[in-house]
Structures are given as C-alpha cells and as structure tokens.
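Only one structure is covered here, and it is reproduced in the block below.
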Amino acid sequence: MVQFGMTWDVCLEGPSGRLVRRLGSHSALDRRWTSEEEQRFPWLTSISPYDENVFNFRQSRHLLRELSLLLDETIDERARTELEELKGWLEALPDRHLYIRMTGD
C-alpha cells in the first residue's frame, strides 16, 4: 500500500554539495514498510523521510537494483511513474563524482 504524503526533494550534486540539477519531488517511497520488505529493500527502507539522504555512485547502484524490484511489484500508476522517473535519474548518473541527495519533508 502506497501512501502519498511525505515528499523528498531530489537533487543531483557535485563535490562540496554544489547543486548540478534539481530533479524534482517524490512521494512514492512514502510507505509503510513491512519487516519482510526491510530485509528485501535495505537501501530503500533506510531513506529517512525527515532528514537528508546522500548517495554516491556506488550506493546508487544498490538503490537502482532495489527500485527495479519494487517497480515489478508496484500496481499504483502514480507510484510507478515516480519510481520509473527516479530509476531513470539513477541510471543516468553521469559521473562518479556526482551524488543524489534526497531531502525529506
């Protein structure tokens, strides 16, 4: 069950936190994760809805794999659209010296 309420502002940043591009806001990860899902999606379930979450190139590969699995199970069209967009941004991470920052509500 996906609940839309909390959002994350997603940005692409360079070293020292320099903003490269604001990618948009997402709420598709605002969900009640079960303990089983926490085991299957350790990276996605670690994203805090209240704090800043920064992922480097290597970490983004783990998020990408988990997003692919989550997409296979997601029925809600709005959630699918947001997850596909987020997945696209992670796939296109062009440089090992860039970071994805997700800032919670």
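Restricting attention to region 57-90, the residues being more than 12 Å from the chain's Cα centre (by Cα), part of a helix (DSSP H, G or I) and not aliphatic (A, V, I, L, M) number 8.
When region 70-105 is filtered for residues that are β-branched (Val, Ile, Thr) and touching a Ser or Thr at 6+ places or on another chain (Cβ under 9 Å), only 100 remains. For region 30-50, a tally of residues being touching a residue at least 24 places away in the same chain (Cβ under 8 Å), part of a loop (DSSP other than H, G, I, E, B) and within 13 Å of the chain's Cα centre (by Cα) returns 5. Restricting attention to region 58-105, the residues being small (Gly, Ala, Ser), farther than 23 Å from residue 18 by Cβ and touching a helix residue (DSSP H, G or I) at 6+ places or on another chain (Cβ under 8 Å) number 1.
Among the residues of region 71-94, the ones that are aliphatic (A, V, I, L, M), in contact (Cβ under 8 Å) with a residue 40 or more places away in the chain and within 15 Å of residue 55 (Cα to Cα) come to 2 in all.
Of all the numbered requirements in (1) under 13 Å from residue 101 (Cα atoms); (2) crowded, with 17+ Cβ neighbours inside 10 Å, residue 74 misses one, and that requirement is (1).
Could you check how many residues of region 77-105 are small (Gly, Ala, Ser) and loosely packed, with under 15 Cβ neighbours inside 10 Å? Residues meeting the conditions: 2. Scanning region 12-49 for residues that are modelled with pLDDT under 80 and of a type in the set (Phe, Trp, Tyr) yields a count of 1.
Filter region 23-37 down to residues that are among the acidic types (Asp, Glu) and under 18 Å from residue 72 (Cβ atoms) and give me whichever is surrounded by the most Cβ atoms within 10 Å (Cβ to Cβ). Only one residue tops the list, namely 37.
The values are calculated or read from the model by the stated rules, or taken from the named source; none is laboratory data. These numbers come from a predicted model, not from an experiment. Counting neighbours? That spans all protein chains shown, and the Cβs are built from the backbone with ideal geometry, glycine included.
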